[in-house]
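Only the coordinates and a few stated rules stand behind these numbers; no lab work does. Because the structure is a prediction, the values reported are computed rather than measured. Cβ placement follows ideal geometry from the backbone for every residue including glycine, while neighbour counts extend to all protein chains displayed.
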Amino acid sequence: MEATVLLADDSAEFTEMLQAYLEQHNYKVVTVSSGQEAIDYLSSNQHADVILLDVMMPGLDGWEACRQLRELTNVPILMLTALGQETDLVHGLDLGADDYVVKPFHFSELKARMEAHLRRARMSGWESPYPAYSDGDLYIDLPNREVRLHGRHVALSPTEFRLLACLVRNAGIVVTHRSLLSEVWGRNYVRDIRSLKLYIRYLRQKIEPDPAQPRYVLTEWGIGYRFRELTPAAHSSTPTIPVHDVSSTFGSYPRDRDTGSATDLL
């Protein structure tokens, strides 16, 4: 099925080359030259499966455009930027971006990242063995993509929700760093520990009553993370379905470090 790419970049030469490349690979490409035009496009009920957003645009820059676009849609947003500092990465993720690609880059790299996010988005409607989880404080309904803490809606980005869902589906089981990266971001990202660490921190800030003393997303030092084991009263009796590379041998790993802070080393 042909996917629609919304490309927002003020460089006509760059836009023309990237559009030609993506169309050669069977993508439909809609181009705009500003962040405001991207917002206007989606606001008029037009469709896009993925958004490529340049940061340095005149008028409404990519940062603000990303923030407003995230209020309109949950499709993947990839930032195209010449700014490669970690602070820029964090800023983009804070605003709701799913990924970033630093210019200059090979079009094939961008396409691979796009396709990984599109696959993740298409798989987001799975049938979960835990349709809902609630312990009185935290409520998670995976099929309806609903999360509440103390009765209040928790707004999660698409990547944050996929990360949470992967952990909840394997509640009580350690999920390795590599498995989380592969399941949430794609196989091309299995070494991107920095992104995983950032998103674990963001997730804890949103769903933990005290992010510095996590109750739900627990660290298994040097191995990965696990979601707290669910009690029979909190879920159905359907067994968990482990993701790839999750070894049952991790079940005996010491649990006395579960309350590490959100900035724990991986």
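So if we plug the beta-carbon distance of residue 20 and residue 148 into 1/(1 + (r/R0)^6) with R0 = 41 Å, what FRET efficiency do we get, rounded to 0.05?
After rounding to 0.05, the efficiency reads 0.35.
Taking amide H atoms as placed 1.01 Å from N in the peptide plane, list the residues 5 or more away in sequence, or in a different chain, whose amide H sits under 5 Å from that of residue 29.
When sequence neighbours closer than 5 places are left aside, the close amide H contacts are 5.
Along the Cα-to-Cβ line of residue 192, 7 Å from the Cα, sits a label point; which residues in region 89-113 have backbone N less than 11 Å from it?
Answer for region 89-113: 98-102, 110, 112-113.
Starting from the Cα-Cα distance between residue 213 and residue 134, subtract it from 0.36 nm times their residue separation and give me the gain in nm to one decimal.
Result for the pair: 26.5 nm of gain on full extension.
Treat every Asp and Glu Cβ in region 147-218 as -1 and every Lys and Arg Cβ as +1, leave all other atoms uncharged, and give the resulting dipole magnitude about the Cα centre to the nearest 20 debye.
Values: 13 positive and 5 negative charges, 16 e Å.
Once rounded to the nearest 20, the dipole reads 80 debye.
Which residue, chosen from 81, 43, 117, occupies the Cα position most advanced towards the positive end of the dipole of region 4-124, where the dipole is computed from +1 (Lys, Arg) and -1 (Asp, Glu) charges on Cβ about the Cα centre?
Projecting each Cα onto the dipole axis, the largest value belongs to 117.
What list do you get for 174, 30 if you sort them by fewest beta carbons within 10 Å?
Taking fewest neighbouring Cβ atoms as first place, the list is 30, 174.
Under a 5 Å amide H to amide H cut-off, with H placed in plane at 1.01 Å, what residues pair with residue 34 once short-range neighbours are removed?
9
Based on the Cβ-Cβ distance from residue 221 to residue 107, what FRET efficiency comes out when R0 is 30 Å, to the nearest 0.05? Walk me through the intermediate numbers first.
Values: r = 39 Å, r/R0 = 1.31.
Once rounded, the FRET efficiency stands at 0.15.
For region 4-124, what does the alpha-carbon gyration tensor say about shape, rounded, prolate or oblate, given a ≥ b ≥ c as the root eigenvalues, a/c under 1.5 as rounded, and a/b over b/c as prolate?
rounded
Of the listed pairs 28/103; 111/197; 28/197, which have alpha-carbon separations greater than 29 Å here?
Exceeds cut-off: 28/197.
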